[in-house]
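> Once you've had a glance at the structure underneath, I'll fire off some questions.
The values are calculated or read from the model by the stated rules, or taken from the named source; none is laboratory data. None of these values were measured; they are calculated from a predicted model. Cβ placement follows ideal geometry from the backbone for every residue including glycine, while neighbour counts extend to all protein chains displayed. Accessible surface is based on the protein model in full, side chains and every heavy atom, while ligands, DNA and RNA are left aside. Shrake-Rupley method; radii C 1.70, N 1.55, O 1.52, S 1.80 Å.
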Amino acid sequence: MLGRGGAGFPAGTKWGLMPAGKYPRYLVVNGDESEPGTYKDRLLMERDPHQLVEGCLIAAYAAGLSQVFLYIRGEMPLAHERVAVALNDAYAAGYVGKNILGTNFSVDIVLHWGAGAYVVGEETALIESLEGKRGEPRLKPPFFPAAIGLYGQPTIVNNVETLSNLPWLLVNGAQAFTAIGTATSPGTRMVAVSGHVVRPGVYEIVNGTTTFRDLLYGDEFCQGIRDGNELKAFVPGGGSAPWFTPEQLDLPFEGKLVGAAGSMLGSGAIMVMDHTTDIPTAALTLTRFYAAESCGQCTPCREGGTWLERVLQRVVDGRGTHADLAQMMEIGESICPGAFPHAASERLGLAATPFPYKMTTICFVGPSAYAPVHSALTLFRDEFEAKIVERRHIPVSIEAVGAH
Amino acid sequence: MGRGRAPAGGGRRRGPQSRLNEANVILAKEIIGRYPKARSATIPLLHLSQQQNGYVTNDAIAHVAELVGATSAEVLGTATFYEMFKFEPVGKYLVNICGTMSCQLLGADDLMHHAEARLGVRAGGTTADGMFTLEHAECQAACTEAPNMQVNYRHCHRMTTAAFDQLIDDLAAGRLDGEIPPHGTLARIRQQIPADKAAGVAPPDAPVEPAWMLAPEATS
């Protein structure tokens with residue numbers, strides 16, 4: 001089972017990284033979903049909170065986790081209420097708490113509130129936040145939360161969707177799970193498709209085999225682009241992901257293939273742009289997001305993100321120059337040195353640059369501010385140039401100064 | 001921010017009264033008791049103070065610091081990191097219009113322009129009657145229902161300018177009081193952990209291997 005938070009790290013491997021014999025161990029449930037385009041976890045918390053509670057209990061029982069903290073994004077009060085009711089019911093019924101169902105298995109699940117900070121979705125920032133501090137990611141390696149996490153103890157941080165899979169897995173068995181999807185991407189996953197499609201929504205798809213074309217054009221899914229328009233581009237895996245164009249539509253939801261094609265599946269959020277979309281403006285909305293959400297620890301992200309935003313805003317406003325385009329790539333290089341992943345383009349005669357990238361920051365917020373700019377500039381440079389003011393001569397028109 | 005005007009009076013009290021009241025201190029202690037370290041309760045208690053006062057006051061910061069065993073500076077440092085905490089009075093209703101990608105693609109800019117005109121304030125401002133604070137917001141996790149906004153963090157999906165006007169009229173007339181509590185109140189239902197059912201905290205300095213790991217028992 002691959003983690004469903006965004007990195008796609010195998011959940012079982014993560015559990016196995018805890019040092020033997022070191023207790024207490026904690027489970028922190030990551031319900032701080034805020035990646036642009038993503039909202040599967042909110043639905044899972046609002047619509048099936050009991051499934052999540054069961055998942056927490058299974059994880060705690062299996063991995064010897066002494067206390068569970070369920071961290072829900074602050075801006076989701078409905079999810080808070082639904083999960084609170086589910087937990088209150090579960091406590092009343094003896095399914096959570098002391099001596100569960102009369103056994104020696106005892107664990108509390110504590111509902112915790114966030115307060116609005118995208119970066120807290122990063123697992124070490126989540127732990128910092130849960131310790132009552134500013135949500136600034138910790139440097140890793142050397143120590144991952146499984147070794148040194150909450151209060152310095154071994155801690156498993158799992159995404160809501162990951163844990164919500166556990167009850168089904170336990171009842172139906174691993175074989176039934178791996179029978180769905182492919183060997184490297186088993187099971188189903190939830191994806192949110194938004195933007196210019198006929199029927200946007202959150203869909204559960206078969207992992208590894210469903211293609212972007214199935215999802216965007218399939219009758220049971222999004223039913224094509226609105227108003228019969230042409231597809232121009234789409235973001236395949238949350239706002240941090242490099243963009244795809246119609247050329248990549250036949251790729252399946254398979255991490256390795258999508259990585260080789262120059263992007264990532266991330267948090268399962270697809271944002272679709274039709275041919276009417278102003279690409280530089282669309283890129284600006286994402287860059288502005290990541291610039292605003294920088295926690296400020298790493299200079300390349302703190303300064304680079306806002307700088308990118310300001311330059312891009314200037315270009316969008318029609319006050320940019322050609323030097324601004326080069327400047328944006330240069331700022332990006334300071335966040336992500338070397339080749340940055342992007343999709344292939346037959347139109348431009350470009351081959352894909354595969355994942356991953358190098359980065360000069362602790363977490364992925366900085367690179368995420370650059371990703372939309374890089375994709376848009378690489379795949380749609382003509383649209384930026386159309387907005388550039390050509391300053392080829394000095395704009396003065398002074399008559400010959402007085403003849404004496 | 002900046003252009004917002006503080007609501008006049010309106011029950012939002014400053015001064016010593018903005019420490020947590022007696023009932024909330026009891027609740028605060030119960031919340032603190034759920035964590036192995038008190039400081040973990042910082043954010044929940046800041047929310048509690050914001051629920052009481054509408055925003056986070058200096059007194060509340062000092063009081064939360066006392067309760068969780070931190071300094072006021074530490075609590076302020078934490079509080080200012082998070083967008084939801086407000087340090088000056090805001091309207092009874094915080095209107096957050098999402099402007100991130102999917103909402104922008106489907107008309108968020110027009111919605112914001114309309115909202116500014118309708119409320120007579122720019123994004124970041126509060127109406128003179130103290131009813132509404134308008135803010136630009138980032139992704140609200142409802143992208144398939146774009147353009148989207150929240151009032152006191154309650155989602156409003158697929159907004160149009162007409163729906164916005166109707167919503168503002170309804171809020172002003174008190175027709176949505178049952179659905180949308182005043183700013184500061186998040187979830188109206190809290191988690192309850194009855195004392196006799198609690199497994200108890202797992203302190204980091206008590207290296208106890210869980211009983212069920214040592215001797216697993218079959219459930220009935």
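> List the number of the failed condition for A:Thr209; all other conditions in (1) assigned to a helix (DSSP H, G or I); (2) more than 13 Å from chain B (Cβ to nearest Cβ) hold.
A:Thr209 satisfies all of (1) assigned to a helix (DSSP H, G or I); (2) more than 13 Å from chain B (Cβ to nearest Cβ) except (1).
> Considering every residue within the stretch B:121-140, establish whether at least one is assigned to a helix (DSSP H, G or I), open to solvent by 10 Å² or more (accessible area, probe 1.4 Å) and either facing another protein chain (nearest Cβ under 10 Å) or in contact with a Ser or Thr (Cβ under 9 Å, 6 or more places away or on another chain) (or both).
Checking the stretch B:121-140: not a single residue is assigned to a helix (DSSP H, G or I), open to solvent by 10 Å² or more (accessible area, probe 1.4 Å) and either facing another protein chain (nearest Cβ under 10 Å) or in contact with a Ser or Thr (Cβ under 9 Å, 6 or more places away or on another chain) (or both).
> Out of all the residues in the stretch A:285-298, is one or more small (Gly, Ala, Ser), over 20 Å from B:Leu105 (Cα atoms) and under 15 Å from the mean Cα position of the chain (by Cα)?
Taking every residue of the stretch A:285-298 in turn, at least one turns out to be small (Gly, Ala, Ser), over 20 Å from B:Leu105 (Cα atoms) and under 15 Å from the mean Cα position of the chain (by Cα).
Results for (1) over 21 Å from A:Ile109 (Cα atoms); (2) within 14 Å of chain B (Cβ to nearest Cβ), shown as yes or no for each residue.
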site: A:Val160; (1), (2): no, yes
site: A:Gly173; (1), (2): yes, no
site: A:Phe177; (1), (2): yes, no
site: A:Ala192; (1), (2): yes, yes
site: A:Gly195; (1), (2): yes, yes
site: A:Arg199; (1), (2): yes, yes
site: A:Tyr203; (1), (2): yes, yes
site: A:Gln223; (1), (2): yes, yes
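> Still on this model: Which of (1) within 14 Å of chain B (Cβ to nearest Cβ); (2) on the phi < 0 side of the Ramachandran plot does A:Glu230 not meet, given it meets every other one?
Failed condition: (1).
> Just wondering, is there one or more residues in the stretch B:75-92 that are free of Cβ contacts under 8 Å to residues at least 24 places away in the same chain, open to solvent by 10 Å² or more (accessible area, probe 1.4 Å) and assigned to a helix (DSSP H, G or I)?
yes
> Here's another thing I want to ask about it. Any residue in the stretch A:251-270 that is outside the structural domain of A:Asp214 (by TED's automatic domain parsing) sitting within a Cβ distance under 6 Å of a residue that is assigned to a helix (DSSP H, G or I)? List the pairs, counting only those 6 or more apart or interchain.
As it stands, the answer is none, since no pair meets every condition given.
> Could you pull out the residue among A:Gly21, A:Gly37 that is within 12 Å of another protein chain (Cβ to nearest Cβ), open to solvent by 10 Å² or more (accessible area, probe 1.4 Å), over 17 Å from A:Val120 (Cβ atoms) and in a loop (DSSP other than H, G, I, E, B)?
After ruling out the rest, the residue left standing is A:Gly21.
> If you don't mind, another one. Which members of the stretch B:147-179 meet the condition of being in a helix (DSSP H, G or I), open to solvent by less than 60 Å² (accessible area, probe 1.4 Å) and hydrophobic (A, V, I, L, M, F, W, C)?
B:Ala163, B:Phe164, B:Leu167, B:Ile168, B:Leu171
Residues checked against (1) modelled with pLDDT under 95; (2) more than 26 Å from A:Leu379 (Cβ to Cβ); (3) of a type outside the set (A, V, I, L, M):
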residue: A:Val160; (1), (2), (3): no, yes, no
residue: A:Trp168; (1), (2), (3): no, yes, yes
residue: A:Asn172; (1), (2), (3): no, yes, yes
residue: A:Thr178; (1), (2), (3): yes, yes, yes
residue: A:Thr188; (1), (2), (3): yes, yes, yes
residue: A:Pro200; (1), (2), (3): no, no, yes
residue: A:Leu215; (1), (2), (3): no, no, no
residue: A:Val235; (1), (2), (3): no, no, no
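> Turning to a different aspect of this structure: I'm told A:Gln175 meets every condition in (1) closer than 30 Å to A:Arg226 by Cβ; (2) not assigned by TED's automatic domain parsing to the domain that holds A:Leu57 except one. Can you identify the failing condition by its number?
Of the numbered conditions (1) closer than 30 Å to A:Arg226 by Cβ; (2) not assigned by TED's automatic domain parsing to the domain that holds A:Leu57, the odd one out for A:Gln175 is (1).
> Further question on the same structure: Please go through the stretch A:90-107 and give me each residue that is part of a helix (DSSP H, G or I), within 7 Å of chain B (Cβ to nearest Cβ) and small (Gly, Ala, Ser), ordered by number.
Selection gives A:Gly102 alone.
> How many of the residues in the stretch B:180-199 are crowded, with 16+ Cβ neighbours inside 10 Å, in a loop (DSSP other than H, G, I, E, B) and facing chain A (nearest Cβ under 7 Å)?
7
> Right, another one. Sort out which residues of the stretch A:95-104 are open to solvent by 20 Å² or more (accessible area, probe 1.4 Å) and either touching a residue at least 24 places away in the same chain (Cβ under 8 Å) or small (Gly, Ala, Ser) (or both), and write them in order of number.
If the condition is that a residue be open to solvent by 20 Å² or more (accessible area, probe 1.4 Å) and either touching a residue at least 24 places away in the same chain (Cβ under 8 Å) or small (Gly, Ala, Ser) (or both), then A:Tyr95, A:Gly102 are the ones that fit.
> Working only within the stretch A:74-89, note down all residues that are assigned to a helix (DSSP H, G or I) and either open to solvent by 10 Å² or more (accessible area, probe 1.4 Å) or out of contact with any His (no Cβ under 8 Å at 6 or more places or on another chain) (or both).
Across the stretch A:74-89, the qualifying residues are A:Pro77, A:Leu78, A:Ala79, A:His80, A:Glu81, A:Arg82, A:Val83, A:Ala84, A:Val85, A:Leu87, A:Asn88, A:Asp89.
> For B:Met213, all conditions in the list (1) closer than 30 Å to A:Lys22 by Cβ; (2) not in a helix (DSSP H, G or I) hold save one; what is the number of the exception?
Unmet condition: (2).
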